[in-house]
1. For region 193-237, what are the residues that are of a type in the set (D, E, K, R), in a helix (DSSP H, G or I) and surrounded by 15 or more Cβ atoms within 10 Å (Cβ to Cβ)?
2. Is it true that PRO240 is surrounded by fewer than 19 Cβ atoms within 10 Å (Cβ to Cβ), within 16 Å of ligand 1 (Cβ to nearest atom) and either within 17 Å of HIS315 (Cβ to Cβ) or touching a residue at least 40 places away in the same chain (Cβ under 8 Å) (or both)?
3. In region 154-192, what residues are over 29 Å from GLY285 (Cβ atoms), in a loop (DSSP other than H, G, I, E, B) and not acidic (Asp, Glu)?
4. Do the conditions hold for GLY171, that is, is it surrounded by fewer than 24 Cβ atoms within 10 Å (Cβ to Cβ) and more than 14 Å from the chain's Cα centre (by Cα)?
5. For region 101-151, what are the residues that are over 13 Å from THR32 (Cα atoms), part of a loop (DSSP other than H, G, I, E, B), in contact with a strand residue (DSSP E or B) (Cβ under 6 Å, 6 or more places away or on another chain) and among the aliphatic types (A, V, I, L, M)?
6. Condition first: polar (S, T, N, Q), in a loop (DSSP other than H, G, I, E, B) and without any contact (Cβ under 8 Å) to a residue 12 or more places away in the chain. Now tell me which residues in region 265-305 satisfy that.
7. Please count how many residues of region 21-41 are more than 16 Å from ligand 2 (Cβ to nearest atom) and in contact with a helix residue (DSSP H, G or I) (Cβ under 8 Å, 6 or more places away or on another chain).
8. Condition first: away from ligand 1 (no atom under 11 Å from the Cβ), under 28 Å from LYS163 (Cβ atoms) and touching a Leu at 6+ places or on another chain (Cβ under 9 Å). Can you find one or more residues in region 117-128 that meet it?
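No value in this document is a laboratory result; all are computed from the given coordinates. Computed from a prediction, not measured in an experiment: that's the story for all the values here. So basically every Cβ, Gly included, is an ideal-geometry build from the backbone, and we count neighbours across all protein chains shown.
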Amino acid sequence: MQTQVIKHTNGKTSLSEAADILRRGGLVAFATETVYGLGGNALNEDAAKKIYAAKGRPSDNPLIVHIAEPEDAEKYAYTNELYYKLARAFMPGPLTVILPKKNTVPSSVTGGLDTVALRCPSHPTARALIKESGLPIAAPSANISGRPSPTSAEHVVADLSGKIDMIIDGGESEIGLESTIVKIEDNKLVMLRPGGITFDALACVCENVEIAYAVTEALAPSERVISPGMKYRHYSPSTPLVLLDGERENVIAFMKKAQENEKCIIISYTEEVSELKKDRLIEIGSENDLDSQAKRLFAVLRETESYDADIIYAHLPKKDGLGLALYNRLIRAAAHTIKKV
Ligand code: TXA
Ligand code: MG
């Protein structure tokens, strides 16, 4: 299959052909503010099957349904007051809400669950595509299953070219990490995946917010998970990644020594670059600029693949604010390998 790549960076390009592809049951990858999504018609079983096949994703791992307006949730789910509170505060934006599903959504999209994940993205490309097609769009991240999520059209081309109909290049993803996922349970929110909407932001809207255990801890194989995605292996680079936990000076000292004695890749903060050797050194951003680090993380993980090395060392992020999302993605990439220094 020939994959067409079109640009939608100025918001003016017509998306009518992309919308036609979706209406015919084809697949279109598109920019969102979080990461690129691999979209198909959420009401079409075959489109869902094609998404799972293109990504090589297990079919019991459900897809997020993208809608144009928060009220569109009524067509696909049983909403409540808390949903609309969240919608008023955070939609459109990087939040996904899990609600009991209506029969309009095929069970292949929700991996057989009786709930559905809904997200109303803010990126102009995503919004234009949903509106132009007149469809709810089922879209996981547009990477091969087990690879870092794509934050640019180039990442999508690298993973999915030849496997899908079209890629809409809407520029680099602004946030760079996948949406925050919350499940509404009565009047309580359970955060299943941290992202651009932080715990503190959620706590301003709902008094009772809980962070699911699997967000920060490794699950025992027998443990029950609320979100099927939590049980699958996430991106782990072919070179093992180790996260360094300790005072800044200790971490730098460890990194310097490792550069002397090991064939290692170092992922460092901008402030430390001058103290380290340039060879196999990747800068993730300024230490206190979590937004920039989030934006670059997946590109950095992809970049590690271009070096021949035995081991990768990076800082263990702090869990405050957006740091929780960085922590969550990095401990998975490191298969929970943390070294105290
Ligand atoms: O930012 C994002 O959310 C991106 C963009 C494209 O919107 N999408 C994304 O999709 O990250 P994906 O498929 O890579 O991750 C969706 C996660 C999976 O871990 C899945 O298990 C979980 O959401 N999920 C989906 N439906 C669910 C449900 N009904 N209950 C619990 N977890 C669900
Ligand atoms: Mg994904």
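1. Within region 193-237, LYS231 is the sole residue that qualifies.
2. no
3. GLY162, LYS163, ILE164, ASN187
4. Spelling it out, GLY171 is indeed surrounded by fewer than 24 Cβ atoms within 10 Å (Cβ to Cβ) and more than 14 Å from the chain's Cα centre (by Cα).
5. VAL105, VAL109, LEU135
6. ASN288 - this is the single residue of region 265-305 that is polar (S, T, N, Q), in a loop (DSSP other than H, G, I, E, B) and without any contact (Cβ under 8 Å) to a residue 12 or more places away in the chain.
7. 6
8. Yes; the residues of region 117-128 include at least one that is away from ligand 1 (no atom under 11 Å from the Cβ), under 28 Å from LYS163 (Cβ atoms) and touching a Leu at 6+ places or on another chain (Cβ under 9 Å).
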